[in-house]
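Novice: Could you have a look at this structure, given as structure tokens, before my questions?
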Amino acid sequence: MSKQKDWRSVLIHPEATILETIQVIDRGAMRVALVVDADHHLVGVVTDGNVRRGLLNHIGLQEPVSKIMNPRPTSVQVTDTREQVLSVMNARKIEHIPVLDAQGVVVGLEILEELTRPTPKDNWVVLMAGGLGSRLGSLTQSCPKPLLRVGPKPILEVILESFLEYGFQRFYLSVNYKKQMIQDHFGDGSAWGVEIRYLEEKERMGTAGSLSLLPERPELPFFVMNGDLLTRIHFQHILDFHAKHRAQATLCVRRIEQTIPFGVVEMKQHQLTSIEEKPTHYYFVNAGIYVLEPTLLSLIPDGHHLDMPDLFRKAIAQGHLTAAFPFLDYWVDIGQMGDYDRARQEYAQVFQ
């Protein structure tokens, strides 16, 4: 058996709400929650995939987790060897598996990522690091936003190392504002055991326009991600989702909620038809993480400004299949000072 994280932190009871379960999955950093009864017998498993399907089916966050859990999860015995566990996980194509004793009590959790090293991937990663970061005021007057530190490292280095955990090894950094500082810090990537090249924008080209500077067309689907995001999203899951849905372009989305602090009135002409007190509305928003097929590069004009939403609009208009990947993993878009303060406060808990 592999050395395990604190699997006890992801135990929940069937009466827990979906929102509470999301928080447990997020805090546990194992991408799974184990549903147990009062005696710790296993009654179900919840992964981020279960949560995602629940969101898409409009199951409320205050509903019990029993509504979305897998009530018949695969498990292994505490006496099983590492090879036996890997065999079961590979056969069932699962990434988490509870470990039970002879009475069905949970005594551990095996995670595929901990049992196997990441396979080196040939998919490229393009990180957009050329923005001005003007909303952060004086902080970015002498330092580009991607090099601002959270914990002991610059934002962009945290992003780079997050991709390294999944085996990515070829990176392009799109740079413009104070580009020399970024190039001096990362060099050719050899300090991280990867290859880093640069797309040097002579003028700001947007979150998609600089892709026209790629020296060649990649052979595989590739990531594009804003260089001011901190996230624990599962990059392999995105690639798998992209392939499963045969998408030409996949956009990662976060669900947010907005509560109207008033009673909302519905009317038909002058007649009052209903009053809904402080309703909450849910939206999916662009999270700044994308997977593109190489053929999409033909939609990007050379040397012109183009943002990623505009590229997706062009793809949709021309009939290319696009997909949205909802996720609930940790995510902070460092756009304003409050976001930066939050990222610095949460870094140690989330990334160490």
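Novice: Looking at region 280-324, which of its residues are aromatic (F, W, Y) and under 22 Å from S174 (Cβ atoms)? Full working, then the answer.
Specialist: Start the filter on region 280-324 by keeping residues that are aromatic (F, W, Y), which leaves 282-284, 290, 312.
Matches in region 280-324: Y290, F312.
Novice: Same structure, new question: If you go through region 69-76 one residue at a time, do you hit one that is exposed (fewer than 15 other Cβ atoms within 10 Å of the Cβ), touching a residue at least 60 places away in the same chain (Cβ under 8 Å) and of a type in the set (D, E, K, R)? Give the steps one after another, and end with the answer.
Specialist: So the first thing to find is which residues in region 69-76 are exposed (fewer than 15 other Cβ atoms within 10 Å of the Cβ), and the list is 70-72, 74.
Still in the list and also touching a residue at least 60 places away in the same chain (Cβ under 8 Å): none.
Taking every residue of region 69-76 in turn, none turns out to be exposed (fewer than 15 other Cβ atoms within 10 Å of the Cβ), touching a residue at least 60 places away in the same chain (Cβ under 8 Å) and of a type in the set (D, E, K, R).
Novice: Is there any pair with a first residue in region 181-204 that is at pLDDT below 95 and a second that is small (G, A, S) and surrounded by 11 or more Cβ atoms within 10 Å (Cβ to Cβ) whose Cβ atoms are under 6 Å apart and which are 6 or more apart or on different chains, and what are they?
Specialist: Going by the 6 Å Cβ cut-off, the qualifying pairs are E201/G130; E201/S210.
Novice: Oh, and also: Would you mention how many residues in region 60-85 are in a loop (DSSP other than H, G, I, E, B) and either within 24 Å of the chain's Cα centre (by Cα) or not basic (K, R) (or both)?
Specialist: As a first pass, look at region 60-85 and keep what is in a loop (DSSP other than H, G, I, E, B): 60-63, 68-69, 71-75, 78-81.
With either within 24 Å of the chain's Cα centre (by Cα) or not basic (K, R) (or both) added as a condition, the list becomes 60-63, 68-69, 71, 73-75, 78-81.
Number satisfying all stated conditions: 14.
Novice: Just a yes or no: is a residue in region 134-145 modelled with pLDDT under 95, of a type outside the set (S, T, Y) and surrounded by 22 or more Cβ atoms within 10 Å (Cβ to Cβ)? Write out each step before concluding.
Specialist: Step one: list which residues in region 134-145 are modelled with pLDDT under 95, which gives 134-145.
Filter once more, so that each one left must be of a type outside the set (S, T, Y): 135-137, 139, 141, 143-145.
This time we only want the ones that are surrounded by 22 or more Cβ atoms within 10 Å (Cβ to Cβ), so: 144-145.
Yes, there is a match, as at least one residue in region 134-145 is modelled with pLDDT under 95, of a type outside the set (S, T, Y) and surrounded by 22 or more Cβ atoms within 10 Å (Cβ to Cβ).
Novice: So which residues in region 50-65 are surrounded by 13 or more Cβ atoms within 10 Å (Cβ to Cβ) and in contact with a strand residue (DSSP E or B) (Cβ under 7 Å, 6 or more places away or on another chain), if there are any at all?
Specialist: Initial filter on region 50-65 (surrounded by 13 or more Cβ atoms within 10 Å (Cβ to Cβ)): 50-55, 59-61, 63-65.
Within region 50-65, N50, R52, L55, L61, E63, P64, V65 meet the criteria.
Novice: Going residue by residue through region 221-228, is there one that turns out to be in contact with a strand residue (DSSP E or B) (Cβ under 9 Å, 6 or more places away or on another chain), in the same structural domain as P294 (by TED's automatic domain parsing), over 25 Å from L132 (Cα atoms) and not aromatic (F, W, Y)? Let's see the steps before the verdict.
Specialist: From region 221-228, those in contact with a strand residue (DSSP E or B) (Cβ under 9 Å, 6 or more places away or on another chain) are 221-228; that's our starting set.
Next, from what is left, pick out any that are in the same structural domain as P294 (by TED's automatic domain parsing): 221-228.
Among the residues that remain, those that are also over 25 Å from L132 (Cα atoms) are: 221.
Among the residues that remain, those that are also not aromatic (F, W, Y) are: 221.
Yes, because at least one residue in region 221-228 is in contact with a strand residue (DSSP E or B) (Cβ under 9 Å, 6 or more places away or on another chain), in the same structural domain as P294 (by TED's automatic domain parsing), over 25 Å from L132 (Cα atoms) and not aromatic (F, W, Y).
Novice: Okay, next question. Please verify whether region 304-312 includes one or more residues that are in contact (Cβ under 8 Å) with a residue 24 or more places away in the chain and closer than 30 Å to I94 by Cβ.
Specialist: Restricting attention to region 304-312, the residues satisfying the condition of being in contact (Cβ under 8 Å) with a residue 24 or more places away in the chain are 304-308, 310-312.
Next, from what is left, pick out any that are closer than 30 Å to I94 by Cβ: none.
There is no residue in region 304-312 that is in contact (Cβ under 8 Å) with a residue 24 or more places away in the chain and closer than 30 Å to I94 by Cβ.
Novice: Okay, moving on. Which of the residues spanning region 87-130 are surrounded by fewer than 22 Cβ atoms within 10 Å (Cβ to Cβ), among the small types (G, A, S) and part of a loop (DSSP other than H, G, I, E, B)?
Specialist: Passing the criteria: A102, G104.
Novice: Checking P261 against (1) in a loop (DSSP other than H, G, I, E, B); (2) within 30 Å of E203 (Cβ to Cβ), which single condition isn't satisfied?
Specialist: So the condition that P261 fails would be (2).
Novice: To continue, here is another question. Determine which member of the set R204, R197, R254 is more than 17 Å from the chain's Cα centre (by Cα), in a strand (DSSP E or B) and among the charged types (D, E, K, R).
Specialist: Numbers: R204 fails: in a strand (DSSP E or B); R254 fails: more than 17 Å from the chain's Cα centre (by Cα).
It is R197.
Novice: I've got another one for you. Residue check, L239 against (1) free of Cβ contacts under 8 Å to residues at least 60 places away in the same chain; (2) closer than 30 Å to R170 by Cβ, all met but one. Which one?
Specialist: Every condition holds for L239 apart from (1).
Novice: For the condition within 25 Å of I300 (Cβ to Cβ), at pLDDT 95 or above, surrounded by 15 or more Cβ atoms within 10 Å (Cβ to Cβ) and assigned by TED's automatic domain parsing to the domain that holds T295, what is the one hit in I159, I233, I238?
Specialist: On the way: I233 fails: at pLDDT 95 or above; I238 fails: at pLDDT 95 or above.
Only one candidate passes the filter, namely I159.
Novice: Looking at the structure I just gave you, is E83 under 28 Å from A348 (Cβ atoms), surrounded by fewer than 18 Cβ atoms within 10 Å (Cβ to Cβ) and not hydrophobic (A, V, I, L, M, F, W, C)? Show your work before the answer.
Specialist: On the way: under 28 Å from A348 (Cβ atoms): no; surrounded by fewer than 18 Cβ atoms within 10 Å (Cβ to Cβ): yes; not hydrophobic (A, V, I, L, M, F, W, C): yes.
Considered against the rule, which asks whether it is under 28 Å from A348 (Cβ atoms), surrounded by fewer than 18 Cβ atoms within 10 Å (Cβ to Cβ) and not hydrophobic (A, V, I, L, M, F, W, C), E83 comes out as no.
The values are calculated or read from the model by the stated rules, or taken from the named source; none is laboratory data. The model shown is predicted, which means the values in this text are computed figures rather than measured ones. Using ideal geometry, Cβ is built from the backbone for each residue, glycine included, and neighbour counts are taken over all protein chains shown.
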